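The values are calculated or read from the model by the stated rules, or taken from the named source; none is laboratory data. Since this is a predicted model, take the numbers as computed values, not measurements. Methodologically, a virtual Cβ is constructed for each residue, glycine included, from the backbone with ideal geometry; neighbour enumeration extends over all protein chains shown. The area values use the complete protein model at the heavy-atom level, side chains included, leaving out ligands, DNA and RNA. Shrake-Rupley method; radii C 1.70, N 1.55, O 1.52, S 1.80 Å.
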Amino acid sequence: MKIAMIGTGYVGLVSGVCFSDFGHEVVCVDKDPEKIAMLERGEVPIYEPGLDVLMAKNVEAGRLSFTLDLAEAIKGAQAVFIAVGTPTRRGDGHADLTYVMVAAEEIARTADHYMVIVIKSTVPVGTNQQVKQAVKKANPNLEFDVASNPEFLREGAAIEDFMKPDRVVVGVQNERAAEVMAEIYRPLYLRDFPIVTTDLESAEMIKYAANAFLATKITFINEIAALCERVGADVKQVSKGMGMDGRIGNKFLHAGPGYGGSCFPKDTKALARIGQDHSVPMHITETVISVNEEVKRRMVDKLLDLCDGSFNGKTIGILGVTFKPNTDDMRDAPALTLVPALVGGGAKVRVTDPQGRHEGEALLPGVHWVEDAYKAAQNADLLVILTEWNEFRALDLKKLARKMATPRLADLRNIYSVKDAKRAGFEAYDSIGRAGFVKADD
Ligand SMILES: NC(=O)c1ccc[n+]([C@@H]2O[C@H](COP(=O)([O-])OP(=O)(O)OC[C@H]3O[C@@H](n4cnc5c(N)ncnc54)[C@H](O)[C@@H]3O)[C@@H](O)[C@H]2O)c1
């Protein structure tokens, strides 16, 4: 089957590459000439483990190509996926559907045969219908269907998630569109991965409900962590004990510096907004959004405590700035709240991240980028672990402590322990939801 994929970002490129690996003929389109030029040279514009190899294999096999020309891409395609961004609209929290609607209109202008227009972007309930009306209006003679196919992949594990999904959600209005979607996902269906077929509106809602639920789970454990610090409990033990309950599950129960990333912040805001528009306030989601902001602010206070109440004149090393490991994505990363607070407070900030520099340089002005954790620690007054990249999980803590002016560690991912820090010669250590220590108190 021929498939066109509009948008070659984290979702579009991974989906396009994986569909071509299923054996389909895939043409990926983007309006960004720099991205298409890179892809045509065989370079991957984003960091996603394994994507370069899979992409090269399918280009080589002649199943995968890239173009700026949407009309060319959709020629003969039975399905056209829209996988463009739906960021938060400035000012009101709504999902900005401009890119989706522009893509839909571009399809309508050039399509001349039956196709299914599949919306993979995360969009508010009603958007598929809106796209249907817009295409109908722009090209009344076109025979087409719309389908909703929200994506659940996680950056950093995107290929695995796409190839071995917990489920695929497909929202359709008729059998004809259902058949095209079944054909696209046949390789997964044959391997017994569940395909959940729904109406358009339910498919759209599933994506927001799932993301808001996961954001709630993270925020819940972050709030419990704050209480643990006050009452002397250890949140790692608490989440382990909770997560073993099959009704709760152990995923998304790791306390940290607040959720970020390209999805949770914008999707929770959009869901809250959809609720307000329909006079069904999403009280839980609204609270999650504000508690998450509090969590991030609390991190600044934590670091301030470790700097004796002032960042001014301090040298602070930051390990990791991407919103999670194994991605170069910096969208809404906690680093974007924390690092400016340090720089604004007069600290000299040294940053290292295995993949974050390319994006981070423009987003974090006034910091000095270094190659590794040991360079970040040189003469520093405080070291902060902000993203749990593998290379920060097995640091030589003794070596780090020796390099620092005042060896203090803020472990915002709970990788190490008070015992580890003391043994390595740190004079202060703090983490999330567990007791820390300061040498004078010892
Ligand atoms: N990133 C994730 O982990 C993730 C996971 C699940 C769902 N989603 C959803 O998938 C959608 C895409 O997210 P993303 O992170 O891949 O976005 P992204 O910003 O990385 O990529 C979007 C791409 O679309 C291109 N584009 C925009 N308008 C276009 C047009 N008219 N024609 C051709 N190209 C166009 C842009 O140039 C860009 O390359 C969003 O709705 C997002 O919420 C993202």
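In straight Cα distance, which lysines are under 30 Å from residue 399, not counting same-chain residues fewer than 8 positions off?
The reachable lysines, counting only those whose Cα sits under 30 Å from residue 399, are 236, 296, 302, 314, 324, 348, 375, 419, 422, 439.
From the helices alone, meaning DSSP H stretches of at least four residues, give me the mean residue ellipticity at 222 nm for the chain, per-run term -39500 (n - 2.57), in deg cm²/dmol to the nearest 500. If you can, show how the numbers build up before the last one.
Details: 18 runs with 197 residues, N = 442.
Roughly -13500 deg cm²/dmol at 222 nm, from the helical runs in the chain.
With every protein chain kept in place and ligands, DNA and RNA left out, what is the accessible area per residue of the chain? Probe 1.4 Å, answer in Å². Don't skip to the end; give the middle numbers.
Values: 19850 Å² over 442 residues.
Result: 45 Å² of accessible area for each residue.
Percent relative contact order of the chain, based on C-alpha pairs within less than 8 angstrom and at least six residues apart?
11 percent
Say R0 is 41 Å: what FRET efficiency, to the nearest 0.05, do residue 68 and residue 304 get from their beta-carbon distance?
According to the calculation, E is roughly 0.25.
Could you check the simple spin-label distance between residue 101 and residue 198, using points 7 Å along Cα→Cβ, in nm with one decimal?
A separation of 2.5 nm, rounded to one decimal place.
Can you give the FRET efficiency to the nearest 0.05 for residue 294 and residue 190, using r as the Cβ-Cβ distance and R₀ = 45 Å?
The value I calculate is 0.45.
With θ taken as phi - 60° and the coefficients 6.51, -1.76 and 1.60, list the Karplus ³J(HN,Hα) couplings across the stretch 406-416 in order, rounded to whole Hz; mark glycine and proline as x.
10, x, 10, 10, 10, 9, 7, 10, 6, 7, 10
Where a ≥ b ≥ c are the square roots of the eigenvalues of the C-alpha gyration tensor, would you call the stretch 119-225 rounded, which needs a/c under 1.5, or, failing that, prolate if a/b is larger than b/c, or oblate?
oblate
What are the residues whose amide H is under 5 Å from the amide H of residue 147, where those residues sit 5 or more places off or on another chain and H is modelled from the backbone?
Excluding prolines and chain starts, which carry no amide H, the hits are 117, 118, 119.
Using 0.36 nm per residue, how much length does the chain from residue 209 to residue 248 gain when fully extended, once their Cα-Cα distance is taken away?
Full-extension gain reported as 12.4 nm.
³J(HN,Hα) across the stretch 4-15 via Karplus (A = 6.51, B = -1.76, C = 1.60, θ = phi - 60°), whole Hz, x for Gly/Pro?
So the J values, rounded to whole Hz, are 10, 10, 9, x, 10, x, 4, 7, x, 5, 4, 4.
Quick one: which residues, 5+ away or cross-chain, put their amide H under 5 Å from the amide H of residue 411? H built at 1.01 Å from N.
385, 430, 431
Considering only protein heavy atoms and a probe of 1.4 Å, how much of the accessible area of the stretch 342-434 is carbon and sulfur, as a whole percent?
After summing per-atom areas, the C and S share lands at 45 percent.
Tabulate in residue order the Karplus-calculated ³J(HN,Hα) for the stretch 358-365, using 6.51 cos²θ - 1.76 cosθ + 1.60 with θ = phi - 60°, rounded to whole Hz; enter x for Gly and Pro.
Ordered by residue, 3J(HN,Hα) equals 4, 6, x, 4, 6, 7, 10, x Hz.
Check which residues have an amide H placed less than 5 Å from residue 168's amide H, if you skip close sequence neighbours.
Those lying under 5 Å, H to H, from residue 168 are 195, 196.
Using 0.36 nm per residue, how much length does the chain from residue 402 to residue 277 gain when fully extended, once their Cα-Cα distance is taken away?
39.3 nm
For a quick check of your reading of the filter: which GluC sites (Glu not before Pro) in the stretch 11-83 sit in a DSSP loop and have no more than 15 other Cβ atoms within 10 Å?
On the way: sites: 25, 34, 40, 43, 60, 72; in loops: 43.
When the GluC sites (Glu not before Pro) of the stretch 11-83 are filtered for loop state and at most 15 Cβ neighbours within 10 Å, 43 remain.
If I compute solvent accessible area with a 1.4 Å probe over the protein chains, what percent of it on the stretch 2-198 is carbon and sulfur? Numbers along the way, then the final one.
Values: 4220 of 8590 Å².
Carbon and sulfur together cover 49 percent of it.
Say R0 is 51 Å: what FRET efficiency, to the nearest 0.05, do residue 237 and residue 112 get from their beta-carbon distance?
Plugging the Cβ-Cβ distance into 1/(1 + (r/R0)^6) gives 0.25.
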